[in-house]
1. Quick check: net charge around Met242, other residues with Cβ under 13 Å of its Cβ, Lys/Arg +1 and Asp/Glu -1?
2. With just the Cα atoms defining each centre, how far is the range 215-254 from the range 93-132? Give it in Å.
3. Using only protein heavy atoms and a 1.4 Å probe, report how much of Asp283 is accessible, in Å² to the nearest 10.
4. Label Ala187 and Ala284 with points 7 Å out from Cα along Cα→Cβ: what is the distance between them in nm?
5. With a probe of 1.4 Å, find how much accessible area the range 240-293 has per residue, and write the answer as a whole number in Å².
6. What dipole magnitude, in Debye to the nearest 20, does the range 149-299 give about its Cα centre under +1 on Lys/Arg Cβ and -1 on Asp/Glu Cβ?
7. Arrange the peptides 172-185, 152-165 so that the one whose residues have, on average, the most other Cβ atoms within 10 Å appears first.
8. Taking the mean number of other Cβ atoms within 10 Å as a proxy for protection, how do you rank 246-258, 121-133 from highest to lowest?
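The values are calculated or read from the model by the stated rules, or taken from the named source; none is laboratory data. Note that the coordinates shown come from a computational prediction; the quantities given were computed from them, not determined experimentally. Every residue, glycine among them, receives a Cβ derived from its backbone with ideal geometry; neighbour counts consider all protein chains shown. Calculation scope for accessible area: heavy atoms of the full protein, side chains included, ligands and nucleic acids excluded. Shrake-Rupley method; radii C 1.70, N 1.55, O 1.52, S 1.80 Å.
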Amino acid sequence: MATALIIKTCLLSAPRLHHHHHRYPLLFSTTSPKPPKSQSLKSIKMESGNEITEEAKENVNQKKKKIFVAGATGSTGKRIVEQLLAKGFEVKAGVRDLDKAKTVLSEHNPSLQIVTADVTEGSDKLVQAIGDDSEAVICATGFRPGWNLFAPWKVDNLGTVNLVEACRKLGVKRFILISSILVNGAAMGQILNPAYIFLNIFGLTLVAKLQAENYIRKSGINYTIVRPGGLRNEPPSGNLVMEPEDTLYDGTISRDLVAEVAVEALGLPESSYKVVEIVSRADAPKRTYEDLFGSIKQK
């Protein structure tokens, strides 16, 4: 699960942000078309009576590429999995605890595959977990709060680096990271911000996330880094606000809306090679995802 920021804010209730015309013509890069859906032999009309063309056979046998989600049983990760499945994606859920996964995820969904994946165990094991049937990776990992001050560094920095290296070895060209606002708080002049102080008490969590972000940006992989504000478990309220990196220093957002942003980023070339910060606000105008991502400049 992504680390929550404890930030007080007052948001008025408003309808959930809805966007129509959700299409995914360019799922994982600006040149990759949407993988074709599997097709039943019974659904193919045979013009010659009892022959199936080679092209039809190829379409039937071609496997749909999957989205690998790291941290899939976390509070944000499980929402990402649910939304991907709802939109018709094939999902490979990477989890540390298979028993927990069976209680959190819909294990009987034929579009969901659950695999063991601990990001702290190195890139070679992650290569096996991600496999050659995954075309994009969404990282929603987070350390479990405790007294091990090295845990955030192992998960939020080294674990993310391991994921990126696994992607490079496999040729996976799309990577989406759920990070946090204030990761660069020191450079923003927010070193005394209570949220910045609180999160860094637990093993320099925000510093670890920033190091991972910098690694991703230098990796050559097509990335989208999503930095949400304080995470709420309640349903979305207000409309989405999306700003460039190192802009927001307070505000909250529903985990459901964070998951939606991550899923939408998969299909939009406007989201490529960008770092975005997101919160929700009651007085914010409703905007399309194309407009929101398009308003953020690449750096």
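1. Once all neighbours under 13 Å are counted, the net charge is -2.
2. 24
3. 130
4. 2.2
5. Per residue, the range 240-293 has 30 Å² of solvent-accessible surface.
6. Here the size comes out at about 540 debye.
7. Taking the mean over residues of other Cβ atoms within 10 Å, the ranking is 172-185, 152-165.
8. Answer by packing, highest mean first, reads 246-258, 121-133.
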